[in-house]
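To keep things clear, I will list the structure first and then write my remarks on it.
The values are calculated or read from the model by the stated rules, or taken from the named source; none is laboratory data. These numbers were taken from a predicted model, which means no experiment stands behind them. Every residue, glycine among them, receives a Cβ derived from its backbone with ideal geometry; neighbour counts consider all protein chains shown.
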Amino acid sequence: MRFIADFHLHSRYSRATSREMRVEILAQWAAIKGIGLLGTGDFTHPTYFAELKSLLKPGGNGLFLLKEGEKKVHFILTAEVSNIFNQDGRLRKIHTLIFAPGFEAVEKINHQLGSRGKLGSDGRPTFGFPVKDLVKIIMDISPECFIVPAHAWTPWFSLFGANSGFDSMEECFGEQARYIQAVETGLSSDPEMNWRVSALDRIALISNSDAHSPDRIGREANVFNCGLDYQEIVGAIKKRDREKFLSTIEFFPEEGKYHYDGHRNCNVLFSPQQTRDNDGVCPVCKRKVTVGVMNRVEALADRPPDYQPPDAIPSRHLIPLAEIIAEALGQGVNTKAVDEQYRRLIQQLGPEFTILLELPREELAKDTPPRILEGIMRVRDGKVRITPGYDGVFGKIKIFEEEGKGEEKSEQMKLF
């Protein structure tokens with residue numbers, strides 16, 4: 001069975017999240033997007049976990065369905081936790097995504113973690129012990145659990161982050177590194193960037209939205225062709241089984257808010273080379289710039305930018321349909337006209353991912369205004385222009401900008 005999965009998102013109990021991050025609403029949006037499997041997020045939060053037990057029923061396959069409401073969307077139990085600790089003379093901040101095979105395993109996880117920190121303070125709880133100890137705790141509870149370093153390259157709170165991360169899996173996890181069989185690439189990097197690091201060849205690369213509002217689910221995701229079964233899905237990831245784990249769906253990584261280096265307060269955007277040319281110092285405030293994902297990848301890479309491993313799982317880069325419509329109409333994403341056009345296309349053509357990935361141009365043209373159709377096709381072909389994101393600022397993406405415009409910013413823009 002072919003389906004799209006987004007494993008990493010948050011409930012309304014996490015900081016800076018929408019009040020609509022409820023499983024009932026998430027299932028509705030998943031159906032609109034064409035997502036068949038969603039992570040629950042935040043199973044460590046006591047109130048949210050009680051809601052999950054009340055609202056979801058086991059499907060007999062390690063996955064869950066709503067007791068009432070949308071029946072086509074499955075859920076998998078997931079949570080993200082934060083570990084902040086000192087190691088080798090540096091403060092480390094690592095976020096980790098945890099998969100669990102059932103409510104019983106989650107209850108044991110929450111019991112163990114609850115004795116080490118306040119689970120109710122945030123949907124993504126924080127602990128003061130090393131992340132390698134977290135891995136041991138989880139795997140001792142159940143070897144069927146699955147642990148993935150979250151958004152592995154972002155400057156803060158990540159495995160390879162410039163400010164608090166490590167240079168290798170083994171440096172971070174020690175003997176527990178054998179349990180780490182996948183990493184989440186994050187919005188500011190993509191598989192192509194990760195392929196440059198040979199140390200990750202044994203590691204599966206997964207992509208998720210890390211959504212904080214329902215309309216953001218699926219902005220990155222994973223495509224499978226296997227049974228809707230916890231063991232089969234996790235097994236396909238671990239084995240990097242190309243027959244079952246078909247591809248990932250990606251942001252254009254330049255659009256991610258930590259792709260390049262710089263200082264947002266000083267309006268300074270640097271490529272990695274510009275950072276080196278300036279000795280890592282902001283020319284405005286004379287402080288160190290925030291080093292982004294591309295710089296860190298280049299620091300750890302031992303392969304050229306165009307290298308592709310022979311067994312690599314492919315990826316597709318997309319822009320959400322609402323953003324394509326908004327630019328085609330020359331309006332903001334959250335306007336009435338964009339929302340009406342979005343809902344009309346979904347009603348007439350099918351889920352968003354079907355529109356963006358599958359329908360041929362001829363079929364799209366029957367119900368799609370010409371400029372929106374042209375935008376969809378340009379995105380499929382990668383014909384977009386992007387000013388890279390940096391220091392917490394999302395990149396600016398243009399689909400219809402005339403070629404040749406803005407050549408003075410050529411160092412900060414990339415034509416795909």
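Could you list, in sequence order, the residues of the range 311-336 that are part of a helix (DSSP H, G or I), out of contact with any Gly (no Cβ under 8 Å at 6 or more places or on another chain) and closer than 13 Å to Ile372 by Cβ?
Leu321, Ala322, Glu323, Leu329
Restricting to the range 218-242, name every residue that is surrounded by fewer than 23 Cβ atoms within 10 Å (Cβ to Cβ), part of a loop (DSSP other than H, G, I, E, B) and not charged (D, E, K, R).
Of everything in the range 218-242, those that are surrounded by fewer than 23 Cβ atoms within 10 Å (Cβ to Cβ), part of a loop (DSSP other than H, G, I, E, B) and not charged (D, E, K, R) turn out to be Cys226, Gly227, Leu228.
Give the residues of the range 84-95 that are assigned to a strand (DSSP E or B), surrounded by fewer than 24 Cβ atoms within 10 Å (Cβ to Cβ) and not aliphatic (A, V, I, L, M), sorted by residue number.
Phe85, Asn86, Gln87, Arg90, Arg92, Lys93
Please count how many residues of the range 149-171 are surrounded by fewer than 23 Cβ atoms within 10 Å (Cβ to Cβ) and not in a loop (DSSP other than H, G, I, E, B).
Qualifying residue count, the range 149-171: 3.
Mind listing whichever residues of the range 73-92 are within 9 Å of Pro130 (Cα to Cα) and either outside the structural domain of Ser11 (by TED's automatic domain parsing) or in contact with a Gly (Cβ under 8 Å, 6 or more places away or on another chain) (or both)?
Asn83, Ile84, Phe85, Arg92
Any residue that is among the aromatic types (Phe, Trp, Tyr), touching a residue at least 24 places away in the same chain (Cβ under 8 Å) and not in a strand (DSSP E or B) - is there at least one of those in the range 134-148?
Scanning the range 134-148 turns up no residue that is among the aromatic types (Phe, Trp, Tyr), touching a residue at least 24 places away in the same chain (Cβ under 8 Å) and not in a strand (DSSP E or B).
Looking at Ser54, Ser18, can you tell me which residue is assigned to a loop (DSSP other than H, G, I, E, B) and among the hydroxyl-bearing types (Ser, Thr, Tyr)?
Ser18
Results for (1) more than 22 Å from the chain's Cα centre (by Cα); (2) crowded, with 16+ Cβ neighbours inside 10 Å; (3) at pLDDT 95 or above, shown as yes or no for each residue.
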{"position": "Glu352", "(1), (2), (3)": "no, yes, yes"}
{"position": "Glu363", "(1), (2), (3)": "yes, no, yes"}
{"position": "Pro388", "(1), (2), (3)": "no, yes, yes"}
{"position": "Glu402", "(1), (2), (3)": "yes, no, no"}
{"position": "Lys405", "(1), (2), (3)": "yes, no, no"}
{"position": "Ser410", "(1), (2), (3)": "yes, no, no"}
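Let me confirm something: among Asp367, Asp339, which residue is assigned to a loop (DSSP other than H, G, I, E, B) and either surrounded by 12 or more Cβ atoms within 10 Å (Cβ to Cβ) or under 26 Å from the mean Cα position of the chain (by Cα) (or both)?
Asp367
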